[in-house]
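Every read-out reported here was derived from the displayed coordinates using simple, explicitly stated rules and does not represent laboratory data. Small disclaimer: the values here were computed from a predicted structure and weren't measured. Here the Cβ positions follow ideal geometry from the backbone for every residue, glycine too, while neighbour counts run over all protein chains shown.
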């Protein structure tokens with residue numbers, strides 16, 4: 001039973017990392033930079049299966065290519081008048097957020113059911 005609690009706890013921790021990267025991405029959506037290298041790229045957690053069957057966050061990857069936009073009046077524009085907009089799709093991030101919340105809720109249900117079964121088992125021993 002403790003393995004179930006540990007595995008589910010790790011899954012919840014992984015979903016929390018996922019939710020935090022989504023929050024960071026949404027906070028930086030629309031951000032601009034004067035260079036492509038300085039432009040924000042979306043963060044995505046990379047999950048890996050652990051030896052015991054659980055899940056761990058192996059890394060946080062940066063994804064996407066920033067969008068080059070002509071805006072010569074912008075204070076961050078380069079010599080040619082271009083700025084670089086963050087590589088974040090807010091709609092995709094919101095879909096990811098809903099999915100992450102659902103998976104986290106599923107993990108909570110698993111823990112609740114396991115706790116209930118453990119308590120029922122203890123009551124049988126009385």
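Miscellaneous remarks
- Yes/no for residue 98 being without any contact (Cβ under 8 Å) to a residue 40 or more places away in the chain and surrounded by fewer than 15 Cβ atoms within 10 Å (Cβ to Cβ): yes
- In the condition set (1) touching a residue at least 40 places away in the same chain (Cβ under 8 Å); (2) surrounded by 11 or more Cβ atoms within 10 Å (Cβ to Cβ), residue 64 is compliant with all but (1).
- Within segment 15-24, considering residues that are in contact with a helix residue (DSSP H, G or I) (Cβ under 9 Å, 6 or more places away or on another chain) and over 30 Å from residue 74 (Cα atoms), the one surrounded by the fewest Cβ atoms within 10 Å (Cβ to Cβ): 16
- Of all residues in segment 78-87, exactly one satisfies the criterion of being more than 21 Å from the chain's Cα centre (by Cα), in contact (Cβ under 8 Å) with a residue 40 or more places away in the chain and part of a loop (DSSP other than H, G, I, E, B), namely 78.
- Assessment of segment 62-77 against the conditions (out of contact with any helix residue (DSSP H, G or I) (no Cβ under 8 Å at 6 or more places or on another chain), within 16 Å of residue 20 (Cα to Cα) and in a strand (DSSP E or B)) yields at least one matching residue.
- Segment 25-54, residues that are within 17 Å of the chain's Cα centre (by Cα), crowded, with 16+ Cβ neighbours inside 10 Å and not in a strand (DSSP E or B): 25, 26, 28, 29, 40
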